[in-house]
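Student: Structure below; questions to follow.
The values are calculated or read from the model by the stated rules, or taken from the named source; none is laboratory data. This structure is a prediction, so every number in the text was calculated from the model and none was measured. Glycine gets a Cβ as well: all are built from the backbone with ideal geometry, and neighbour counts include every protein chain shown.
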Amino acid sequence: MDDADVPALRDLLQHLTRIGYAEKPIRERLGLTDITKLRWRALPIYRAEKLEARDPQASAIDLFLLQGAIPRTELDNLFNQAVQEVLVRAGLLLLDDHGLARARASLYPLGNRLIFSDHAWPSLPHPGCADVPPDQIMYIGSDSRWLARATVRRPVRNALDLCTGSGVHALLAAAHAQRVLAVDVNPRAAQCTRFNSQASGTPHVEAAVGDLYAPVGEERFDLITANPPFVPSPRDSLQYRDGGRSGEDVQARIIAGLPHHLAPGGIAQIVTEFGERGDEPLADRLRGWLGGAPMDIHILRMRETPAATYAIGHADGADTYEAFLNSVHDWAANLRKQGYTRIVSVLLAFQWSDPATATPWTRSDNPKSLHSIAGAEITAAFAAERLVRRSNFPELLSHGRLRRTGPIALLEARALGHEVGTQAQAELLGKALPIIYPLDPVERELLVLLEKPLPFSELLTLAQKSDPGLNLDEPVIVKAITSLIRRGLVLLEGS
Ligand SMILES: C[S@@+](CC[C@H](N)C(=O)[O-])C[C@H]1O[C@@H](n2cnc3c(N)ncnc32)[C@H](O)[C@@H]1O
């Protein structure tokens, strides 16, 4: 982009935000509970039912998000002549002989930010824009949004975004990092990141072309983010998506590099997928790649897909039914060969272990969703795990005051007519990462007793009186309260 056009491009982004081109208003206009639910198959419905009134917001959504063609009259309503010329010069707008305007890239809303990248549906019939280059840059997908929402946002000295694509995570990190390095093996991705950083006015984002840590040297970072290609694919067809036959070609090297590039006190966050085999613990694989480095690992298991469903979902060859079936076969055969019975989508967080606690730990949670900003909840999970492992935790507990962290839904199921007892579950309400935890009878009893905050000694006395059948001696109560603190359901004040 010509430097002289940069101010006009920034004005254009601000203008779009003012007319309601941002994540929340777009989501509401299209009637979506989450922007990740946008589907190309629903394009005619969005147009007919949600964008029928052709105000500037509707035209902008059609042009920049739904890959639509809008008439010149709508374009003129949206941008003045000078702005249209800037868009054409930047290669973002195509005006055809029939008086229609199309965008050559999409503009993805992420909160109040707008990020350019290649189209999400490159194969939509789009005369003049339909070719999918092998170096296609990834759209802002559900995985990009999960990582954006989960990243711990705190002021840091430097940040590294590996596999940067459009530069989305580098641009977000620029709001709280003094310096950001964005790396991608695809030169077009580095170019797109530079373009986005110019357009959004974040000059402290540096985009480098290279293989993972190669452009980094010996530097260590306070924040490392990565959304690598992770799909276990029978052939390497999409550079941004395919992680070799096992899916692990790139992600294994990212994790192996963390001990050399994560600064003390820093955090590395990765969104990815793994094929799982039987009961083999995922944590063992991650630890193997870390090569014994003492790091704590937090795993959020976002979604699990059976291998057959995954194969069908990724199969291509849409031209004929036979080609499609052959492709399903190829995908399924590759997953079988790897021994994968299911594919799990995860958000991983790594930190150096606290030397004051004994051994590095791994924690795994299964959130129901991730619809909003969750960095603080990930920070809290690390803090809680570390607290209960401190050697002076028993002392802190005995002098501390306990309270429920917030409103908790207590769910109980009893099967009438069967001797199955009562299964209790608890969920802390209002969280970005809603997690349902099973409760044993002692944990349930303590949660109920903590109707108001109590010093541990009082809770102990009350609990011992409450249900003689539970046989609540002190070690049993300490074990249960530790488990509640670990899971963030109860807070220990004064620790
Ligand atoms: C799944 S996309 C993620 C894009 C973006 N970070 C996001 O979250 O939307 C993966 C990116 O990794 C890049 N990539 C693949 N292999 C790489 C490597 N060895 N080193 C650096 N980047 C690589 C691809 O070019 C692609 O841009």
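Student: Asp161 fails exactly one of the following numbered conditions: (1) part of a helix (DSSP H, G or I); (2) within 11 Å of the ligand (Cβ to nearest atom). What is the number of that condition?
Tutor: Exception for Asp161: condition (1).
Student: Same structure again: Just to check your reading of the model, which residue among Leu397, Leu387 is touching a helix residue (DSSP H, G or I) at 6+ places or on another chain (Cβ under 6 Å) and over 30 Å from Glu248 (Cβ atoms)?
Tutor: Values: Leu387 fails: touching a helix residue (DSSP H, G or I) at 6+ places or on another chain (Cβ under 6 Å).
It is Leu397.
Student: State which residue is nearest to Phe221 (Cα to Cα) when the search covers only segment 334-372 and only residues that are aliphatic (A, V, I, L, M) and within 29 Å of the chain's Cα centre (by Cα).
Tutor: Ala349
Student: List the number of the failed condition for Ser457; all other conditions in (1) part of a loop (DSSP other than H, G, I, E, B); (2) within 18 Å of Pro394 (Cα to Cα) hold.
Tutor: Of (1) part of a loop (DSSP other than H, G, I, E, B); (2) within 18 Å of Pro394 (Cα to Cα), only one is false for Ser457: (1).
Student: Could I ask something else about it? Against the definition (at pLDDT below 95 and either among the polar types (S, T, N, Q) or more than 11 Å from the ligand (Cβ to nearest atom) (or both)), how does Pro264 come out, yes or no?
Tutor: No, not satisfied.
Student: Moving on to the next point. Provide a single number: the residues in segment 212-256 that are away from the ligand (no atom under 11 Å from the Cβ) and of a type outside the set (A, V, I, L, M, F, W, C).
Tutor: 14
Student: What about Leu171, is it more than 10 Å from the ligand (Cβ to nearest atom) and either in contact with a Cys (Cβ under 9 Å, 6 or more places away or on another chain) or outside the structural domain of Arg39 (by TED's automatic domain parsing) (or both)? Even if it seems obvious, please write down each step before you answer.
Tutor: On the way: more than 10 Å from the ligand (Cβ to nearest atom): yes; either in contact with a Cys (Cβ under 9 Å, 6 or more places away or on another chain) or outside the structural domain of Arg39 (by TED's automatic domain parsing) (or both): yes.
Yes, satisfied.
Student: Now, a different point. Got at least one residue in segment 189-207 being among the aliphatic types (A, V, I, L, M), within 8 Å of the ligand (Cβ to nearest atom) and out of contact with any Leu (no Cβ under 8 Å at 6 or more places or on another chain)?
Tutor: yes
Student: Answer yes or no as to whether Val185 is out of contact with any Ser or Thr (no Cβ under 9 Å at 6 or more places or on another chain), surrounded by fewer than 20 Cβ atoms within 10 Å (Cβ to Cβ), of a type in the set (Val, Ile, Thr) and closer than 18 Å to Ile137 by Cβ.
Tutor: Taking the combined requirement at face value, the residue satisfies it.
Student: In the set Leu258, Leu300, which member is surrounded by 14 or more Cβ atoms within 10 Å (Cβ to Cβ) and either outside the structural domain of His176 (by TED's automatic domain parsing) or part of a strand (DSSP E or B) (or both)? Before the answer, list the steps.
Tutor: Numbers: Leu258 fails: either outside the structural domain of His176 (by TED's automatic domain parsing) or part of a strand (DSSP E or B) (or both).
Result: Leu300 is the single residue among Leu258, Leu300 that is surrounded by 14 or more Cβ atoms within 10 Å (Cβ to Cβ) and either outside the structural domain of His176 (by TED's automatic domain parsing) or part of a strand (DSSP E or B) (or both).
Student: Please work out which residue is surrounded by the fewest Cβ atoms within 10 Å (Cβ to Cβ), limiting yourself to segment 199-217 and to residues that are modelled with pLDDT under 95 and either touching a strand residue (DSSP E or B) at 6+ places or on another chain (Cβ under 6 Å) or at negative phi (or both).
Tutor: That would be Pro203.
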